[in-house]
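A short worksheet on the structure shown next.
Every number in this text was worked out from the coordinates using simple rules, so none of it is lab data. Note that this is a predicted model, so its numbers are computed, not measured. We place every Cβ from the backbone using ideal geometry, glycine too, and count neighbours over all the protein chains shown.
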């Protein structure tokens, strides 16, 4: 099959359908998730007129080298070989759980149909399944995007997952998630971190602090209670300013986002690193940074259930 020519951005960008963005990734490790994100960043692109391509027009087979992974995520090359080799096994064995609210169904979707590790070249080749491609296509109203290097310094999968969740709400300045929704997105079952305090500490509490250490944008969260039980968490952050830019060829308008600032201490550390080329000096589209984390509980009355029903409906 002859696929149309794809024009890619010089900056690797992660495109994901909103349903895939909240999907449960099971037992993915942080490294597995980074490999997966790096691979899907290779899919994105537009045709010569700046139009997004349909899933069946996108290349499904992609190669990722240890050198590429090392340059993006600032990992020693010697460690990258084992990371890629382990990720091949995980990608082949793992399916992801996607909730289809409009159908009242939960789907299990295989990530790839083929994956191989090349010892001589230090690379992996992955072929994504037909089933997952619609979730990786760039449908303007239904996908989120951010630059791959924006998550390069994160040391936890929970930080990367929380960052991705917030991207969907970057223009609103807040995000509301039930505790169960957070458990599902973080792939933390109820038998792990059984106590809410432990769950908060090891997942979004730690994640907020790590993002705050990297970026200066301001975030706090409030815990919402029913009685004495925390049932939801509302995250607050500065809204991203959106500007519309017209394509000179087509006249079609696209959104660009105001670049937030990177934390000063991180900038200094990057400059001191001999491999500073691994990290973009200008963090762009969709970048969020979180600071001033607030964890005081906020009790509410019986209106919580109606609040959630309205919120859920708006996301279908």
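If neighbour count is taken as other Cβ atoms inside 10 Å, put 92, 217 in order from fewest to most.
Details: 92 15, 217 22.
Taking fewest neighbouring Cβ atoms as first place, the list is 92, 217.
Where does the Debye-calculated log10 I(q)/I(0) of region 9-152 sit at q = 0.21 Å⁻¹, using only Cα point scatterers of equal weight, no solvent?
-1.43
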